[in-house]
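Here is the structure we will look at.
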Amino acid sequence: MFQQTMKTDPGSHAVVIGGSIAGMLTARVLTNHFDRVTVIERDALPETPEFRKGAPHARHAHGLLARGQQIMESLFPGLTEELQALGAIPTNMGRELNLYVGGARVQPFESEIEVTISSRPLLENAIYRRLRTLPGVSFLLGYDVTGLTTDEERQKVTGISLRQRGQGNQEEQTLAADLVVDASGRGSRLPQWLEALGYQPPSETSVDSQTAYMTRVYRRTATTPMLYAMPQAPDHARGCIVIPVEGDRMLVTLIGLNGEQAPTDEAGFLAYARSLPVPGFYETIVAAEPLTEPYGFQRAANRLRHYDKLPRYLEGVLAIGDSFYALNPVYGQGMTVAALGALTLNDCLYDHRQRATATDMTGLARTFHKKLAKVNAGPWQLATGQDLRWPCAAEGYRPDPVTRLIQRYFDRLLVAMADNGELAEAFSQVQNMLKPPTSLFHPRIVWQALR
């Protein structure tokens with residue numbers, strides 16, 4: 001799965017912009033190929049698991065899919081055991097997840113899929129503590145990256161310019177690097193930097209189902225369920241997620257699509273919860289002790305910057321994670337897509353080093369972005385294919401006959417799996433990125449879904 005035996009070139013240096021999970025996983029694979037790796041982060045990363053200003057989405061329920069967990073374990077051996085020792089909860093996706101689709105309960109089923117459930121800050125902090133102990137890794141915290149530096153011909157990156165936050169009109173500093181990887185997320189400024197250097201910025205595709213989250217933390221009890229009521233177009237625009245996490249807490253996230261949004265006041269929050277077709281859900285949270293006020297989040301549109309289709313590449317700079325592919329978090333793919341991106345980068349660098357030194361990045365940007373686009377095509381199609389079924393996202397969009405046929409098939413599959421464990425496991429394997437979506441078109445699966 002993961003090449004870990006690469007020899008680095010003395011003096012070679014890579015910079016990662018952004019210290020979230022995507023940035024730190026990227027930094028980890030770069031240690032295989034570069035003598036030094038520097039992570040630049042705007043926030044001061046906490047020593048303990050805490051919510052931070054630069055990651056407002058971290059307050060909401062996150063699910064690390066099984067494929068993502070496998071990759072992170074390969075990057076940081078023993079990480080899963082460490083998380084569980086810190087209070088993360090091992091969960092079987094068939095026996096312990098209460099799944100509702102379109103208001104119908106999916107009956108418990110036998111599953112091979114085991115995941116570890118925690119808050120995002122716990123996972124992020126565990127990775128941070130592991131990463132910073134690796135030889136050659138350093139963090140520059142509290143810095144804004146202001147641009148790229150290049151050679152005189154503006155053909156390759158030579159580093160970055162940066163400024164310490166909160167220092168007024170302090171002069172910009174420069175940091176030399178052989179490779180710069182932008183993992184700064186949805187707010188990435190890489191398109192503007194490329195344009196300022198005379199390069200065409202990537203075109204963008206956006207699909208917005210107007211997804212909104214509202215999350216509140218409660219005291220967990222012995223009977224707290226793990227619950228996912230999945231919104232389903234066109235009639236079920238509301239949903240929820242309940243996950244038990246470390247510290248005897250549970251995260252309750254209310255979901256709305258197509259313009260639906262849970263109110264922030266307590267009465268409105270509870271009324272929204274009561275409207276969901278999930279027996280016992282409202283009673284569970286009414287009886288629970290709230291530990292926080294509700295927190296909202298709405299920046300959830302799918303947005304793809306087409307770095308794979310640029311006519312000309314600035315050598316030595318790459319985009320990864322949400323900087324390249326930002327997906328609607330309602331489908332829980334983000335952290336796993338970030339892990340797949342890191343794995344893809346490792347593979348590309350390994351292949352690149354067979355014909356070039358660690359300081360020669362010629363051709364890497366084109367190769368990497370095109371390869372990652374292929375890797376991310378499935379998650380993108382899953383997220384946008386579902387979101388385009390909502391009226392607010394589908395204005396002017398008319399699915400072709402094949403797409404309509406596939407949509408009708410998946411509607412039948414989701415209904416049939418409510419009391420068919422084999423179908424539910426097949427769907428879960430795809431949802432956890434352990435198998436490709438095409439596996440759901442195996443004749444045995446199709447026959448059971450349509451009979």
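The values are calculated or read from the model by the stated rules, or taken from the named source; none is laboratory data. It should be emphasised that the depicted structure is a prediction, and the values quoted were computed from it without experimental measurement. Counting neighbours? That spans all protein chains shown, and the Cβs are built from the backbone with ideal geometry, glycine included.
At-a-glance table
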item: Cβ-Cβ under 6 Å pairs, at least 6 apart or on other chains, the range 134-147 side more than 10 Å from residue 40 (Cβ to Cβ), far side acidic (Asp, Glu) and buried (at least 16 other Cβ atoms within 10 Å of the Cβ); result: 136/35
item: Selected residue (criterion: modelled with the highest pLDDT) from residues of the range 393-409 that are closer than 20 Å to residue 327 by Cα and of a type in the set (A, V, I, L, M, F, W, C); result: 393
item: Any hit, the range 286-300, residues being assigned to a helix (DSSP H, G or I), among the small types (Gly, Ala, Ser), in the same structural domain as residue 262 (by TED's automatic domain parsing) and more than 21 Å from residue 193 (Cα to Cα); result: yes
item: Subset of the range 174-191 (residues that are exposed (fewer than 14 other Cβ atoms within 10 Å of the Cβ) and not in a loop (DSSP other than H, G, I, E, B)); result: 174, 176
item: Answer residue from the range 425-451, given it is in a loop (DSSP other than H, G, I, E, B) and of a type in the set (A, V, I, L, M, F, W, C) and is nearest to the chain's Cα centre (by Cα) among those; result: 433
item: Elements of type strands (runs of 3 or more DSSP E) contained in the range 192-263, each with 1 or more residues being hydroxyl-bearing (Ser, Thr, Tyr), in contact (Cβ under 8 Å) with a residue 24 or more places away in the chain and crowded, with 20+ Cβ neighbours inside 10 Å; result: 212-219, 226-230, 249-256
item: Test: residue in the range 170-177 that is assigned by TED's automatic domain parsing to the domain that holds residue 28, among the polar types (S, T, N, Q) and within 25 Å of the chain's Cα centre (by Cα); result: no
item: Residue 390 vs. criteria over 18 Å from residue 322 (Cβ atoms), surrounded by 18 or more Cβ atoms within 10 Å (Cβ to Cβ) and among the hydrophobic types (A, V, I, L, M, F, W, C); result: yes
item: Tally, over the range 340-366, of residues that are in contact with an Asp or Glu (Cβ under 8 Å, 6 or more places away or on another chain) and in a helix (DSSP H, G or I); result: 2
item: Filter result (within 18 Å of residue 20 (Cα to Cα) and either surrounded by 17 or more Cβ atoms within 10 Å (Cβ to Cβ) or not polar (S, T, N, Q) (or both)) within the range 131-158; result: 131, 132, 134, 137, 139, 140, 141, 142, 143, 144, 145
item: Hits in the range 413-449 (condition: surrounded by fewer than 15 Cβ atoms within 10 Å (Cβ to Cβ) and at pLDDT 95 or above); result: 419, 422, 439, 441, 442, 443, 444, 446, 447
item: Residue that is surrounded by the fewest Cβ atoms within 10 Å (Cβ to Cβ), among those in the range 313-328 that are assigned to a strand (DSSP E or B) and not aromatic (Phe, Trp, Tyr); result: 315
item: Only one of 186, 219 that is within 30 Å of residue 259 (Cα to Cα), in the same structural domain as residue 37 (by TED's automatic domain parsing) and basic (Lys, Arg); result: 186
item: Sole exception among (1) out of contact with any helix residue (DSSP H, G or I) (no Cβ under 9 Å at 6 or more places or on another chain); (2) not assigned by TED's automatic domain parsing to the domain that holds residue 346 for residue 311, by number; result: (2)
item: Of all residues making up the range 7-33, the number that are over 12 Å from residue 320 (Cα atoms), assigned to a loop (DSSP other than H, G, I, E, B) and not hydroxyl-bearing (Ser, Thr, Tyr); result: 4
item: Residue in the range 293-312 that is of a type in the set (Asp, Glu), buried (at least 16 other Cβ atoms within 10 Å of the Cβ) and either modelled with pLDDT of 95 or more or over 21 Å from residue 204 (Cα atoms) (or both) present; result: yes
